[in-house]
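The values are calculated or read from the model by the stated rules, or taken from the named source; none is laboratory data. Predicted model, so just to flag it, every value in this text is computed and none were measured. As a convention, Cβ positions derive from the backbone with ideal geometry for all residues, glycine included, and neighbour counts pool all protein chains shown.
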Amino acid sequence: MFTLVGDPVTAVGQDIGGQNRTNLYRVDGRFIELTTDLESREEAETLVASFDAAVPQWTGFWDLADDRVAGWKVTAFVMRDKQAFASQGLIPIRVPDFPYGYALNDSVWIMAQPSQYYTRHLMLHEGAHSLAFHCFGGAGPTWFMEGTAELLSTHSGQGQQTKSIGIPNDKADVPYWGRFTKMSQVRAESTIPSIGKVMQYPPTLSGDVESYTFSWAAASMFAAYPEYRDVFREAANRGRETSLTFNRQFRQRLAKDWPIVQARWRLLTHDFDFGFDWDQQQVAISIQDPLWDGKPIKFTVEADRGWQSPGVRVPSGVKVRVRASGQVTLAQEPKPWISEPEGVTIQYVVGRPLGQLIACVLPNQTPRQDELPTIDVQTIGNQSVVDVAAHSWLLFKVNDAVGDLGDNGGSFEVTIEP
Ligand SMILES: [Zn+2]
């Protein structure tokens, strides 16, 4: 797959930390030429193989013909001792100081991290910027630039098995990555940014994990829903534009859907976590959902899906009586866990019994403010009355961790009536 250039870049290696003589060396791949002082040459080779495995997935994601990257090759520097690279003139003076990584045209610089995953993630992140510069002439405003780079760099596996564009299943797979940890902190502080605020992040973030996290979440959402995906991908072609023009056009193309975008964003930022799976978590709501006329509606709530709607919007000032029955299965091992709508009180998830039927009153209009109010989630169980203050969607799900839905089965029968 790649050839090794075994010679040190310099004639003599650098002395790092006195005793350890460490050479800069080069590993050459198809889309990347890596110069590094990593202790493990195996890690360096894996980085190169990972990058070469990711690029075809990226061109697939952007729907780019192969010839668009035919002559593209990134000159990459993964550095333990930044000074060693600087002193050899490998970091141009116009590259600003950076805590994690930096991309300039076809060159990228990355600081080696305490985990191989995170070093690889940052290398892919900067490489995704470089691809955008090469193919689109720019990477768009901050949220789009960082969001897409995070989308393309969040991966599983390594080397030739690298699978780009995924949501990690397990914290142990992505040491030092920290995006979901940051998101749960922000959630706990009740300072979740609106999608509007995310889209107006300032141009220089310089390692601000919170902004990277929410930019990534936004990119993940726009790439996941079929009705946004094309608009999102096509926006990349306007990577050169100012953020004002870029954002205005982006919003115009989704103008009809924007209240839905805002509502789905609220749900996503409430729930996004390890094991989140868009096939289970897309929320079927529409601005065309009719206002509920008060006739009883019977519907099912599946145990293996995220928030589910009975298909109507509930007018303001209505008290909704909800009744539920049935059984769901929440795990298969060591034996099937059965739950009724009240849930099983031997295990709790997000403060409520596992398997409990819960509801979310999600207003049709998202307040115009930078930080979103906490989402209103309520216990339903066998029956309950929900007060709807403003025009809202009334959504239901079976309480479980988002990463644990795969082994769930069955559904509750739910009826709503005034
Ligand atoms: Zn970046």
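Checked against the criteria, residue 170 counts as more than 16 Å from the ligand (Cβ to nearest atom) and under 22 Å from residue 46 (Cα atoms). Filtered by the rule that a residue be under 17 Å from residue 235 (Cβ atoms), away from the ligand (no atom under 11 Å from the Cβ) and among the β-branched types (Val, Ile, Thr), region 144-165 gives a lone residue, 165. Is it true that some residue in region 402-416 is under 22 Å from the mean Cα position of the chain (by Cα), under 16 Å from residue 348 (Cα atoms) and charged (D, E, K, R)? Yes, that holds for at least one residue. Among the candidates 171, 163, 197, 182, the residue that is of a type in the set (Lys, Arg) and more than 15 Å from the chain's Cα centre (by Cα) is uniquely 197. Scanning region 349-376 for residues that are in contact (Cβ under 8 Å) with a residue 60 or more places away in the chain and among the hydrophobic types (A, V, I, L, M, F, W, C) yields a total of 4. The residues of region 115-131 that are of a type in the set (Ser, Thr, Tyr) and either away from the ligand (no atom under 14 Å from the Cβ) or farther than 12 Å from residue 72 by Cβ (or both), listed by number, are 115, 117, 118, 119.
Pick from 84, 70, 112, 54: which is among the small types (Gly, Ala, Ser) and either within 27 Å of residue 141 (Cβ to Cβ) or within 16 Å of the ligand (Cβ to nearest atom) (or both)? Walk me through how you get there before you give the answer.
Details: 84 fails: either within 27 Å of residue 141 (Cβ to Cβ) or within 16 Å of the ligand (Cβ to nearest atom) (or both); 70 fails: either within 27 Å of residue 141 (Cβ to Cβ) or within 16 Å of the ligand (Cβ to nearest atom) (or both); 112 fails: either within 27 Å of residue 141 (Cβ to Cβ) or within 16 Å of the ligand (Cβ to nearest atom) (or both).
So the residue among 84, 70, 112, 54 that is among the small types (Gly, Ala, Ser) and either within 27 Å of residue 141 (Cβ to Cβ) or within 16 Å of the ligand (Cβ to nearest atom) (or both) is 54.
On the given criteria, is residue 412 touching a residue at least 12 places away in the same chain (Cβ under 8 Å), in contact with a Pro (Cβ under 6 Å, 6 or more places away or on another chain) and either assigned to a strand (DSSP E or B) or crowded, with 16+ Cβ neighbours inside 10 Å (or both)? Criteria met by residue 412.
Being out of contact with any helix residue (DSSP H, G or I) (no Cβ under 8 Å at 6 or more places or on another chain) and either of a type in the set (D, E, K, R) or not in a loop (DSSP other than H, G, I, E, B) (or both) is the requirement here; does residue 151 meet it? Give the steps one after another, and end with the answer.
Values: out of contact with any helix residue (DSSP H, G or I) (no Cβ under 8 Å at 6 or more places or on another chain): no; either of a type in the set (D, E, K, R) or not in a loop (DSSP other than H, G, I, E, B) (or both): yes.
No, not satisfied.
For region 83-138, what are the residues that are of a type in the set (D, E, K, R) and at pLDDT 95 or above? Steps first, please.
Initially, region 83-138 is screened for residues of a type in the set (D, E, K, R), giving 94, 97, 106, 120, 126.
Passing the criteria: 106, 120, 126.
Tell me yes or no: at least one residue of region 111-126 is within 13 Å of the chain's Cα centre (by Cα), outside any helix (DSSP H, G or I) and without any contact (Cβ under 8 Å) to a residue 60 or more places away in the chain. Scanning region 111-126, I find no residue that is within 13 Å of the chain's Cα centre (by Cα), outside any helix (DSSP H, G or I) and without any contact (Cβ under 8 Å) to a residue 60 or more places away in the chain, so the answer is no. Do we find that residue 196 is in contact with a helix residue (DSSP H, G or I) (Cβ under 9 Å, 6 or more places away or on another chain) and on the phi > 0 side of the Ramachandran plot in this structure? No. Looking for something within 15 Å of the ligand (Cβ to nearest atom) and on the phi > 0 side of the Ramachandran plot - is there at least one such residue anywhere in region 87-107? Yes - at least one qualifying residue is present in region 87-107. If the condition is being within 12 Å of the ligand (Cβ to nearest atom) and closer than 18 Å to residue 71 by Cα, then region 132-143 contributes 132, 133. In the set (1) closer than 24 Å to residue 117 by Cβ; (2) modelled with pLDDT of 55 or more; (3) surrounded by 14 or more Cβ atoms within 10 Å (Cβ to Cβ), residue 16 fails one condition alone, (2).
Checked against the criteria, residue 201 counts as assigned by TED's automatic domain parsing to the domain that holds residue 136, assigned to a loop (DSSP other than H, G, I, E, B) and touching a helix residue (DSSP H, G or I) at 6+ places or on another chain (Cβ under 7 Å). Is it true that residue 250 is touching a Pro at 6+ places or on another chain (Cβ under 7 Å), at pLDDT 95 or above and more than 19 Å from residue 364 (Cβ to Cβ)? Judged against the criteria, residue 250 is not a match. Among the residues of region 39-67, those identified as of a type in the set (D, E, K, R) and surrounded by fewer than 15 Cβ atoms within 10 Å (Cβ to Cβ) are 39, 41, 42, 63, 66, 67.
Would you confirm whether any residue within region 114-124 is crowded, with 16+ Cβ neighbours inside 10 Å and basic (Lys, Arg)?
Taking region 114-124 as the starting set, the residues that turn out to be crowded, with 16+ Cβ neighbours inside 10 Å are 116-124.
Checking which are basic (Lys, Arg) leaves us with 120.
Within region 114-124 (the criterion being crowded, with 16+ Cβ neighbours inside 10 Å and basic (Lys, Arg)), the answer is yes, since at least one residue qualifies.
Taking region 49-97 on its own, how many of its residues are in a helix (DSSP H, G or I), of a type in the set (A, V, I, L, M, F, W, C) and without any contact (Cβ under 8 Å) to a residue 12 or more places away in the chain?
The first filter runs over region 49-97 and keeps only residues in a helix (DSSP H, G or I), leaving 49-62, 66-69, 82-87.
From what's left, of a type in the set (A, V, I, L, M, F, W, C): 49, 51, 53-55, 58, 61-62, 69, 84-86.
Among the residues that remain, those that are also without any contact (Cβ under 8 Å) to a residue 12 or more places away in the chain are: 86.
Looking only at that region, the number is 1.
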